[in-house]
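All remarks here apply to the structure that follows.
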Amino acid sequence: MNISGLDLNLLIAFESLLDERHVGRAANRVGLSQPAFSNALSRLRSRLHDPLFVRTNRGMVPTPRAEQLSAPVRKALSLLRETLEAPRAFDPITSAQRFRIAVSDDVELRLVSFLAGQILPGEVQIQTQRLDGLFMIPESELRSGSLDLAIGYFNDARSLAPSFLMETLGEERNVVIARRGHPALKRRLTLERLARLDHAAVVYRKEPWGLIDTALAARGLKRRLRLASPHCLAVLRAVACSDLVACVQESMAKAFGPSLGLVSYPEPIGLPPFVLRMTWHEQRNNEPAQTWLRTLIQREMCPNI
């Protein structure tokens with residue numbers, strides 16, 4: 001396509017619809033009426049010879065061509081804004097910015113209540129989604145801009161693609177939990193006895209085989225996994241009302257264990273601490289709104305820094 005004569009506002013409308021997936025919200029975001037926005041979208045479709053977005057019951061879904069254009073268009077617009085626009089401070093009271101964060105289940109339980117207190121009063125919106133895997137970075141979604149941040153137990157920055165940035169938020173140790181009075185835990189919990197118990201576990205959609213299973217297998221052992229759920233709180237409640245045991249993050253055991261009648265034990269497996277990290281794409285690194293959000297999360301998760 002010859003870009004001579006291309007109206008830059010068409011790309012801004014395209015970016016807005018990528019984010020909002022709704023014509024009315026996208027139009028409002030860029031200050032256009034809905035008919036004017038639809039006209040802009042029609043003009044861009046004509047220039048690119050592609051429908052770009054298809055209306056479904058899940059909103060306006062980008063076509064493969066739109067997905068292909070997403071990252072380079074966002075990067076180009078970000079560079080133009082950084083070059084041409086005067087730096088503006090971010091005001092969470094007046095901004096209607098929507099932040100999209102992918103998190104592990106335990107981090108969501110810790111973080112959402114804190115963020116709720118920070119965005120009210122005001123117009124800022126927070127949307128969380130579950131990571132596909134506890135240790136998996138959603139690179140394509142961060143690259144396309146459909147996610148602003150991801151927080152999980154990721155490998156360190158040496159494993160990142162060059163266009164990603166990362167910050168360490170802390171470490172998390174694991175403990176074994178069981179209901180108070182569990183008949184099999186009146187003696188010291190050894191590795192062999194742990195393997196013989198019935199287990200519940202937090203299992204993510206794309207990580208069905210966990211570190212615990214790998215560590216046990218290396219010693220010729222296998223746990224009896226009887227219940228798997230992607231929700232940490234569901235696992236804690238299941239353990240509280242049965243003779244199941246589970247290996248969970250220590251912060252979850254401390255936060256919810258006392259009210260559920262759970263007892264924590266040192267895990268005999270020798271698992272290394274999980275390192276909690278936050279990652280994002282470089283194209284959003286210098287945006288004031290993104291800096292505000294990352295600073296807020298860092299202060300909550302790393303209070304001593």
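Read the figures in this text as sums done on the coordinates, not as results from a lab. No experiment lies behind these values; they were computed from the predicted model shown. Cβ placement follows ideal geometry from the backbone for every residue including glycine, while neighbour counts extend to all protein chains displayed.
Taking a cut-off of 24 Å between Cα atoms, list the lysines near residue 186, but don't count ones fewer than 8 places away on the same chain.
Qualifying lysines at Cα under 24 Å: 222, 254.
Once every Cα of the range 155-305 carries one equal point scatterer and solvent is ignored, give the base-10 log of I(q)/I(0) from the Debye formula at q = 0.15, 0.16, 0.20 Å⁻¹, two decimals.
The calculated log intensity ratios at q = 0.15, 0.16, 0.20 Å⁻¹ are -0.87, -0.94, -1.23.
Efficiency by 1/(1 + (r/R0)^6): what FRET value for residue 112 and residue 80, r their Cβ-Cβ distance, R0 = 25 Å, to the nearest 0.05?
Plugging the Cβ-Cβ distance into 1/(1 + (r/R0)^6) gives 0.15.
Can you give the translational diffusion coefficient of the range 1-106 in µm²/s, computed by Stokes-Einstein from the Kirkwood radius over Cα pairs at 10 °C and 1.306 mPa s?
For the chosen part, D equals 104 µm²/s.
What FRET efficiency do you get for residue 286 and residue 198 if R0 is 51 Å and r is their Cβ-Cβ distance, rounded to the nearest 0.05?
According to the calculation, E is roughly 0.50.
Taking the chain as a Gaussian network, where each spring joins two C-alpha atoms under 10 Å apart, which residue of 27, 102, 89 fluctuates the most?
89
Just subtract the alpha-carbon distance of residue 38 and residue 171 from 0.36 nm times their residue separation and send over the number in nm, one decimal.
Net length gain for the segment: 43.0 nm.
For the chain, what does the relative contact order come out to in percent, with C-alpha contacts under 8 Å and a separation of six or more?
RCO, the chain: 19 percent.
Divide by every residue of the chain the summed helix terms, -39500 (n - 2.57) for each DSSP H run of at least 4, and state the resulting mean residue ellipticity at 222 nm, rounded to the nearest 500 deg cm²/dmol.
Dividing the helical sum by the residues of the chain leaves -12500 deg cm²/dmol.
Can you compute the modelled spin-label distance between residue 48 and residue 213, with each label point 7 Å from Cα toward Cβ, in nm?
4.0
Work from the charge dipole of the chain (Cβ charges, +1 for Lys and Arg, -1 for Asp and Glu, about the Cα centre) and give the residue of 280, 191, 128 farthest towards its positive end.
Looking along the dipole axis, the top candidate is 191.
For the pair residue 299 and residue 123, what calculated FRET efficiency results from E = 1/(1 + (r/R0)^6), where r is the Cβ-Cβ distance and R0 = 22 Å, to the nearest 0.05?
Computed FRET efficiency for residue 123 and residue 299 comes out at 0.55.
With a sphere of radius 13 Å drawn around the Cβ of residue 231, what net charge do the other residues whose Cβ falls strictly inside it have (Lys, Arg +1; Asp, Glu -1)?
Surrounding charge for residue 231 is 0.
Which of the peptides 189-197, 126-134 is most tightly packed, and how do the rest follow, judged by the mean count of other Cβ atoms within 10 Å per residue?
Per-residue Cβ counts within 10 Å, averaged per peptide and sorted highest first, yield 126-134, 189-197.
List the residues, sorted by chain then number, that are 5 or more residues from residue 135 or on another chain and whose placed amide H is less than 5 Å from its amide H.
Here nothing satisfies the definition.
Considering only the other residues whose Cβ falls under 11 Å of the Cβ of residue 175, what net charge follows from Lys and Arg at +1 and Asp and Glu at -1?
That sum, taken over residues with Cβ under 11 Å, equals -1.
Report the Stokes-Einstein translational diffusion coefficient (µm² s⁻¹, integer) for the chain, Rh taken as the Kirkwood radius over Cα pairs, at 4 °C with viscosity 1.567 mPa s.
It diffuses with D of about 59 µm²/s by this estimate.
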